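Computed from the coordinates by the stated procedures, all read-outs in this text should not be read as laboratory data. These numbers come from a predicted model, not from an experiment. For neighbour counting, all protein chains shown are included, and Cβ atoms are generated from backbone atoms with ideal geometry for every residue, glycine included.
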Amino acid sequence: MTWLLVALGAAVGAPLRYLTDRMVQARHDSVFPWGTFAVNITGSFILGLITASTLHASAPVLALVGTGLCGALTTYSTFGYETLRLFQEKARSLAVLNAVASVVAGLGAAYAGAAVAQALGG
């Protein structure tokens, strides 16, 4: 039954990623992949929040939100592709910025999510 929870979370996360990416990217007149950046940072925060709450979060919630939702919401493959595309389009400084900022902000967001969970008693 766990696989069904993962599938349900992914069924929400994948369209949410697509719609958020399109909405965010439409607001920026830049080749920088702001949409992918936004969903990856958001997913990192949610995953930090939910995993820091493991003492109180049940295995089904972790499967639904952690694996399903966050797994489909975040996207390492698109991050890699867009970073490579920036290099190919001679936007090397933006490619490096995307790589560094995504890792630093992703780790920071996961830490912030864990800190929020801890502050809330998780």
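Pick from Tyr18, Tyr81, Tyr111: which is most flexible by mean-square fluctuation in a GNM of the chain where alpha carbon atoms under 10 Å apart are linked? Among Tyr18, Tyr81, Tyr111, the largest GNM mean-square fluctuation belongs to Tyr81. For the chain, a crude dipole built from +1 on the beta carbon of Lys and Arg and -1 on the beta carbon of Asp and Glu, taken about the Cα centre, is about 120 debye to the nearest 20. Each residue, Tyr18 and Ser93, gets one label point 7 Å from its Cα in the Cβ direction; the gap between the two is 3.6 nm. Per-residue ellipticity at 222 nm from helix content only, as computed over the chain with -39500 (n - 2.57) for each DSSP H run of at least four residues, stands at -24500 deg cm²/dmol. Each listed q (0.13, 0.14, 0.21 Å⁻¹) maps to a log10 I(q)/I(0) for the chain, found by the Debye formula over equal Cα scatterers with no solvent: -0.55, -0.63, -1.12. In plain terms, the residue of Thr67, Thr36, Thr78 with the fewest other Cβ atoms within 10 Å comes first and the most crowded comes last, giving Thr78, Thr67, Thr36. Result for the chain in a Gaussian network model with C-alpha springs under 10 Å: among Gly108, Gly48, Gly66, the largest mean-square fluctuation is at Gly108.
Once C-alpha pairs closer than 8 Å and six or more residues apart are averaged by separation and normalised to the residue number of the chain, the relative contact order reads 39 percent. Enumerate the helices in the chain for which the Kyte-Doolittle hydropathy averages -0.5 or more and the C-alpha atoms extend at least 24 Å along the helix's axis, using complete DSSP H runs. Correct list, ordered by number: 2-26, 34-52, 92-119. Within the listed set Val100, Val39, Val24, the Gaussian network model of the chain (springs between alpha-carbon atoms below 10 Å) gives the highest mean-square fluctuation for Val100.
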